[in-house]
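Below is one structure, written out as structure tokens; comments come after it.
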Number of protein chains: 2
Amino acid sequence: MKQKEIKVTFTPAGRHVYVLPQTLLLEAAGRAGIALQTPCGGSGTCGKCRVKVVAGSCPATTTEEKRLGADAVAAGYRLACQAHVHSELTVDVPFDSLLEQEHSILVSSDDADVVPQPTVRKAYFELSQPDREHPDTDWSRLRNAIGDVTVSHSLLCRVPSFLRENGWQGTAVVSNRHLMALEEGDTREHLYGAAFDIGTTTVVGVLVDLANNRDTAVASCMNPQMSFGDDVLSRIAHIREHPHALPELQTAIVNTINSLLQQLARKAAIPIQSVYELVVAGNTTMQQILCGYDPSALGEMPFVPVFDRFRRVHAVDIGVAINHGADVSVFGQIGGFVGGDTLACMVATRIDTENGPALLVDIGTNGEIVLSCGDALYATSTAAGPAFEGARIQQGMRATPGAIEKVLVDQDVACNVIGNVPPIGICGTGLIDAAAQMRKAGIIDMRGKIVAPDDAGMSLPPKLRERIVAHEDGQADFMLATAEESGSDRPVVLTQKDIRELQLALGAIRAGINVLLKRAGLSAGDLTTVFLAGAFGNFIRRSSALHIGLLPPVDPQKIRSVGNAALLGAKLALLSEKERAYAEKLRQKATHIDLSLDPEFQMEFGMAMMFPGDE
Amino acid sequence: MKQKEIKVTFTPAGRHVYVLPQTLLLEAAGRAGIALQTPCGGSGTCGKCRVKVVAGSCPATTTEEKRLGADAVAAGYRLACQAHVHSELTVDVPFDSLLEQEHSILVSSDDADVVPQPTVRKAYFELSQPDREHPDTDWSRLRNAIGDVTVSHSLLCRVPSFLRENGWQGTAVVSNRHLMALEEGDTREHLYGAAFDIGTTTVVGVLVDLANNRDTAVASCMNPQMSFGDDVLSRIAHIREHPHALPELQTAIVNTINSLLQQLARKAAIPIQSVYELVVAGNTTMQQILCGYDPSALGEMPFVPVFDRFRRVHAVDIGVAINHGADVSVFGQIGGFVGGDTLACMVATRIDTENGPALLVDIGTNGEIVLSCGDALYATSTAAGPAFEGARIQQGMRATPGAIEKVLVDQDVACNVIGNVPPIGICGTGLIDAAAQMRKAGIIDMRGKIVAPDDAGMSLPPKLRERIVAHEDGQADFMLATAEESGSDRPVVLTQKDIRELQLALGAIRAGINVLLKRAGLSAGDLTTVFLAGAFGNFIRRSSALHIGLLPPVDPQKIRSVGNAALLGAKLALLSEKERAYAEKLRQKATHIDLSLDPEFQMEFGMAMMFPGDE
């Protein structure tokens, strides 16, 4: 199946990848580890992903000609978000187009119109020494220089000796009108903060240089609480049943955050004490466990969180190892399972400013859905389960080397595998692609059943028929890669149960979307924009998502992948107080819709599990 | 000498004391352990110290006739602050006249026109349980009931389980718009606070029932820091020289406070967790050591304190063992050595509302002096030393049984001894009395020298002459009690050095008064009121204080003993937020006068050490 893939080489990095025909240049670059700027979400409007094709043929689209101009197009310039791979290419990536980070999980905040105004600020001071004419107290002398701030008991204890040992000079770190730290000399250039998205399955953090408004490093890993259950309900149940489980789960996530922070600081070559704030966005369960607030009430009707507004906790109180005086700010929560991550996505997408009804779908282990229309904001969550993250799928895996992440079913099966190695499993995007393609080819029926080889229509190509493995109980598997094609000694198959898991996941999300649309009196066609958030939102094939019914039938052009918008929202809140106020405004405006006992939802769920018929 | 004393019996308590002729009934009662109300400071205007003479002769004054009416006087009623003992008496003390406390160190706050409005308040709540129609978060549900308050991380951790385990009911303890604690059931009746005066030599605290505005218990003891030096300068020097001395001194005072708090709670039969606030007044050095703020800068020019405004610190941060969420509020500081105790005295006396220039003299190891005149408030401090508290005097002692506390010198010496036992030493009031009487009798000259027996005038009665003990170096002692008269096997004497110590102490205070008067362009005759504060201010004989020149020459009627006004001020701040605001207003209005390098002060000091000539 490799014969179908096309080589693309990127300069000056010198990396190359093999991709399927029709692959976007943006995706090819991403697979080569080269993250490009896509603040417009890949709509071809911002022009920031500009690259230059220096060898090979790559026809320009009208969008590109319009955005770049005829001269630039003639010189080989293309927009990576618009140009597709048809033949072997060598592509030069200008420095300007690079996203300054190692992962492509962040959407840049550059065009979000953010004037940096972090909660944390630094003030350098040079005080006059007290004399008989000016015998002010130490504290009023300092306050006159840096503004009227409060101070903790322990820090005030250190003020007299600090001032005298450092010649009455130094740098004050102030947050929220509170003196957090005193530092020797002028350290104004060293002002860092971190934003974290704590997902049920993955945790990702970004270190931000607040003095220069610049991402410095990104790091991510699995959420260690996975060993206590792979969705929030099972973790809540675990906590309800085991009295000492809460501190155990809290310690697990705090240790992980600390180890990611260490990585970030190491990458940026800064001391961890220079990190003065951490802003966290996560779902209600993740946020409450992080803070040590018992999430037990989220495990039973009516699913009550502990807090709603933004909360600041002292980092030391929850064991987060950054500057000793620093706070951890945890996003406000909308209600039930709709927590800070959803609010952060709303902030990042500016969903309430769209010119028409806008839908936000954050695909994760919990799927959160927000519908903005006029002055109304509806928010809900549905338990999608971890299928999209590769869990509960027999050979599911995360989007790491060896994972099938794109599938083409024609006369035979062609797969794209991360890292360009023989496949050993399948990740979320691959699963959606496979199901869409299998449905198209008639290998699965509307109800999601993998047809037996004998029941398949006569038009099914023989190579595909051979890949259907029937079992004695009447169920069948579909072999994406044979044992010979695979990277292990066994084939990569999708089982009937895998398809059922997928149906449950997509049914839950689609049913949530449908209920919100009905609540607002809208139909899919009324939507102006569909924001697709989530760690793998950037890589999903829109046509596949539409084809399996994960998203309602809209013009694919209206779908905008916004990547890890929760992390971006957390970063925006880190960068500016105004963004926090905006978040609070959105939180107050949002109405939480509890689907758990909604009969309408149950009906929609049942129907949404079915694959749409062929148009 | 006992023959001169007169027996006074108090009913219904059934106690009796022996006192010198002319002793005030108020003093006699105090010595019997019966504290009477004297909110007017003993001026005969409030009528609250009303007692009934049931046996013996006790002529009424015109003040009494005016205040009580002819009928009451005829029935035997007298004002204890006006009536003197001339013959053996039996006195009935009405319950209304009793000060509800064991010590007479507090001035009642009853007439201070205080509407109780403590910082700490309690709110009982009964919340509705969350249901599908009202799935508010735990925290917003609670906040809706008790008001918009903040909450610490650790307390919010407990909120979910508290609400569910207690049927959504309980009592919230709120301080300064911050939730301090949650308690089971309705505990609104149990709301206590404590006010402490931390002096250089003594520490005294009062437990206040904030729900009913009532003093519950009083306790006092020596300041354990005495072992590190008996005045503030020696303790500051100790801290400057020993790096680990500050925590040592801090621990010493905190342990003492905790042990007094335990006593108070035991007396009131309440759990220590029901004490929700501690308000402390002390001089700058005492307050800073308590908080752990290095007082080293107070040991050198220009004597800079660490803070100026009221400070709240978490009780747990400094180790004070009251309610776990409680704060310790420390009084604002005016400057140099003029600290929170002085500010508290200013609050208690309402010094700025007097109809004319008013002087406040707080006599302690440090003497603080405040002059109010028009819109100006001047404050200063002078190092009086601990002579008035019995220290540095050869046979000095505190005002405890065995201490001579009143002296009459006529043909011979007559002493009043606390506890009516043979004397073993002399306390501060006795020292002032002795010096005044010895000066009157010509035993000491204007410069303070005890005259040699041969140099004494011929008019000196022989028994007095016999009490002068001349030494070979030309110096002499005066024997207040011979070895036979004393309660030990040695005589009680005042040495020449003792008189010198007294002169230093009174000279320092008088010089401070004179400098402030000059600064304001006033003379002693302009003063409307002289407030005499300090632990022993209630017992000082005004005529003696005037006679030795401790106070400037004013009409004795203008002198008002206000007892431990610092403790009363602390109690007022505990009782009402408005009192704190008033304190802050006074603090901002006050000008600190630094006498340390003032040449005028040095001159005044030298002159003030001399005893005034006989009028």
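The values are calculated or read from the model by the stated rules, or taken from the named source; none is laboratory data. These figures come from a predicted structure and were not determined experimentally. Virtual Cβ from ideal backbone geometry, glycine too; neighbours counted across all protein chains shown. What goes into the accessible areas is simple: the full protein's heavy atoms, side chains included, and nothing from ligands, DNA or RNA. Shrake-Rupley method; radii C 1.70, N 1.55, O 1.52, S 1.80 Å.
Out of curiosity, is A:Val338 within 14 Å of chain B (Cβ to nearest Cβ) and under 16 Å from the mean Cα position of the chain (by Cα)? Walk me through how you get there before you give the answer.
On the way: within 14 Å of chain B (Cβ to nearest Cβ): yes; under 16 Å from the mean Cα position of the chain (by Cα): yes.
Considered against the rule, which asks whether it is within 14 Å of chain B (Cβ to nearest Cβ) and under 16 Å from the mean Cα position of the chain (by Cα), A:Val338 comes out as yes.
On the given criteria, is B:Gln288 open to solvent by 10 Å² or more (accessible area, probe 1.4 Å), within 11 Å of chain A (Cβ to nearest Cβ), touching a residue at least 12 places away in the same chain (Cβ under 8 Å) and not β-branched (Val, Ile, Thr)?
no
Given the residues A:Val275, A:Val280, which is the only one that is at pLDDT 95 or above and closer than 30 Å to B:Ser161 by Cα?
A:Val280
Just name the residue that is least open to solvent (accessible area, probe 1.4 Å) out of those in segment B:351-365 that are outside any strand (DSSP E or B) and under 19 Å from B:Leu572 (Cα atoms).
For segment B:351-365, the residue satisfying everything is B:Ile351.
Residues in segment A:530-541: is at least one more than 24 Å from A:Arg31 (Cα to Cα), touching a residue at least 12 places away in the same chain (Cβ under 8 Å) and not small (Gly, Ala, Ser)?
Of all residues in segment A:530-541, those more than 24 Å from A:Arg31 (Cα to Cα) come to A:530.
Among the residues that remain, those that are also touching a residue at least 12 places away in the same chain (Cβ under 8 Å) are: A:530.
If we keep only those that are not small (Gly, Ala, Ser) as well, we get A:530.
Yes, segment A:530-541 contains at least one residue that is more than 24 Å from A:Arg31 (Cα to Cα), touching a residue at least 12 places away in the same chain (Cβ under 8 Å) and not small (Gly, Ala, Ser).
Scan segment B:463-481 and tell me whether some residue there is open to solvent by less than 10 Å² (accessible area, probe 1.4 Å) and closer than 22 Å to B:Thr382 by Cβ.
no
Taking the condition outside any strand (DSSP E or B), in contact with a helix residue (DSSP H, G or I) (Cβ under 6 Å, 6 or more places away or on another chain) and either open to solvent by less than 10 Å² (accessible area, probe 1.4 Å) or closer than 22 Å to A:Arg350 by Cβ (or both), does A:Gly507 pass?
Against the criterion (outside any strand (DSSP E or B), in contact with a helix residue (DSSP H, G or I) (Cβ under 6 Å, 6 or more places away or on another chain) and either open to solvent by less than 10 Å² (accessible area, probe 1.4 Å) or closer than 22 Å to A:Arg350 by Cβ (or both)), A:Gly507 qualifies.
Looking at (1) more than 23 Å from the chain's Cα centre (by Cα); (2) surrounded by 17 or more Cβ atoms within 10 Å (Cβ to Cβ); (3) facing another protein chain (nearest Cβ under 10 Å), which one does B:His238 not meet, given that it meets all the others?
(3)
Within the bounds of segment A:393-402, is there any residue that is without any contact (Cβ under 8 Å) to a residue 40 or more places away in the chain and either hydrophobic (A, V, I, L, M, F, W, C) or closer than 25 Å to A:Met610 by Cβ (or both)?
Yes, segment A:393-402 has at least one match.
Among the residues of segment B:300-309, is any among the basic types (Lys, Arg), more than 7 Å from every other protein chain (Cβ to nearest Cβ) and under 14 Å from B:Ala570 (Cβ atoms)? Outline the logic, then answer.
The first filter runs over segment B:300-309 and keeps only residues among the basic types (Lys, Arg), leaving B:309.
Filter once more, so that each one left must be more than 7 Å from every other protein chain (Cβ to nearest Cβ): B:309.
Okay, now just the ones that are also under 14 Å from B:Ala570 (Cβ atoms), so none.
No, there is no match, as no residue in segment B:300-309 is among the basic types (Lys, Arg), more than 7 Å from every other protein chain (Cβ to nearest Cβ) and under 14 Å from B:Ala570 (Cβ atoms).
Here are some conditions: (1) at the interface with chain B (Cβ under 7 Å from one of its Cβ atoms); (2) crowded, with 24+ Cβ neighbours inside 10 Å; (3) in contact (Cβ under 8 Å) with a residue 12 or more places away in the chain; (4) not polar (S, T, N, Q). A:Ala297 meets all but one. Which one does it not meet?
(3)
Can you tell me how many residues within segment B:131-177 are within 11 Å of chain A (Cβ to nearest Cβ), open to solvent by 20 Å² or more (accessible area, probe 1.4 Å) and not in a helix (DSSP H, G or I)?
Result for segment B:131-177: 9.
Give the residue, chosen from A:Leu182, A:Leu249, that is over 18 Å from the mean Cα position of the chain (by Cα), within 19 Å of A:Glu389 (Cβ to Cβ), open to solvent by less than 50 Å² (accessible area, probe 1.4 Å) and aliphatic (A, V, I, L, M). Spell out the reasoning first.
Working: A:Leu182 fails: within 19 Å of A:Glu389 (Cβ to Cβ).
From the options A:Leu182, A:Leu249, the qualifying one is A:Leu249.
What do you reckon, is B:Ala348 small (Gly, Ala, Ser), part of a helix (DSSP H, G or I) and more than 14 Å from chain A (Cβ to nearest Cβ)?
yes
Could you grab the pairs with beta carbons closer than 9 Å, sequence gap of 6+ or different chains, first residue in segment A:253-281 and open to solvent by less than 10 Å² (accessible area, probe 1.4 Å), second one assigned to a strand (DSSP E or B) and of a type in the set (D, E, K, R)?
Note: pairs meeting the criteria are A:Tyr276/A:Lys122; A:Tyr276/A:Asp327; A:Glu277/A:Asp327; A:Leu278/A:Asp327; A:Val280/A:Asp197; A:Ala281/A:Asp197.
If I ask for residues that are touching a Pro at 6+ places or on another chain (Cβ under 7 Å) and either hydrophobic (A, V, I, L, M, F, W, C) or surrounded by 19 or more Cβ atoms within 10 Å (Cβ to Cβ) (or both), which ones from segment A:409-427 would you list?
The answer is A:Cys415, A:Val417, A:Ile418, A:Val421.
For segment A:322-341, does any single residue satisfy the condition of being assigned to a helix (DSSP H, G or I), buried (at least 24 other Cβ atoms within 10 Å of the Cβ) and either modelled with pLDDT of 95 or more or touching a helix residue (DSSP H, G or I) at 6+ places or on another chain (Cβ under 8 Å) (or both)?
yes
Between A:Val347, A:Val370, which is modelled with pLDDT of 95 or more and over 15 Å from A:Gly336 (Cβ atoms)?
A:Val347
Filter segment A:382-408 down to the residues that are part of a strand (DSSP E or B) and open to solvent by 20 Å² or more (accessible area, probe 1.4 Å), then identify the one that is modelled with the highest pLDDT. Give the steps one after another, and end with the answer.
Here is the first cut: in segment A:382-408, the residues part of a strand (DSSP E or B) are A:382, A:396, A:403-408.
Within this subset, residues satisfying the condition of being open to solvent by 20 Å² or more (accessible area, probe 1.4 Å) are A:396, A:408.
Details: A:Gly396: 88, A:Leu408: 92.
Filtering first and then ranking leaves A:Leu408.
Identify all residues within segment A:43-74 that are within 19 Å of A:Glu27 (Cβ to Cβ), at pLDDT 90 or above, small (Gly, Ala, Ser) and touching a Leu at 6+ places or on another chain (Cβ under 7 Å); write none if there are none.
A:Gly56
So in segment A:300-321, with the set limited to residues that are without any contact (Cβ under 8 Å) to a residue 40 or more places away in the chain and assigned to a helix (DSSP H, G or I), which one is surrounded by the most Cβ atoms within 10 Å (Cβ to Cβ)?
If we take residues in segment A:300-321 being without any contact (Cβ under 8 Å) to a residue 40 or more places away in the chain and assigned to a helix (DSSP H, G or I), then A:Ala315 is surrounded by the most Cβ atoms within 10 Å (Cβ to Cβ).
Please indicate, with yes or no, whether at least one residue in segment A:481-493 is of a type outside the set (Phe, Trp, Tyr), within 16 Å of A:Gly428 (Cβ to Cβ) and in contact with a helix residue (DSSP H, G or I) (Cβ under 6 Å, 6 or more places away or on another chain).
No, segment A:481-493 contains no residue that is of a type outside the set (Phe, Trp, Tyr), within 16 Å of A:Gly428 (Cβ to Cβ) and in contact with a helix residue (DSSP H, G or I) (Cβ under 6 Å, 6 or more places away or on another chain).
Residues being modelled with pLDDT under 95 and either outside any loop (DSSP other than H, G, I, E, B) or among the aromatic types (Phe, Trp, Tyr) (or both): count how many of those fall in segment A:180-196.
0
Scan segment B:585-615 for residues that are part of a helix (DSSP H, G or I), modelled with pLDDT of 95 or more and open to solvent by less than 40 Å² (accessible area, probe 1.4 Å) and report the count.
2
Can you list residue pairs whose Cβ atoms sit under 8 Å apart, with the first residue in segment B:352-379 being on the phi > 0 side of the Ramachandran plot and the second being in a helix (DSSP H, G or I) and surrounded by fewer than 24 Cβ atoms within 10 Å (Cβ to Cβ)? Count only pairs 6 or more apart in sequence or on different chains.
B:Gly356/B:Asp526
What number of residues within segment B:58-89 are under 18 Å from B:Lys7 (Cα atoms), open to solvent by less than 20 Å² (accessible area, probe 1.4 Å) and not in a loop (DSSP other than H, G, I, E, B)?
1
Considering only residues of segment A:198-231 that are closer than 27 Å to A:Leu574 by Cα and in contact with a Pro (Cβ under 8 Å, 6 or more places away or on another chain), which is surrounded by the most Cβ atoms within 10 Å (Cβ to Cβ)?
A:Thr200
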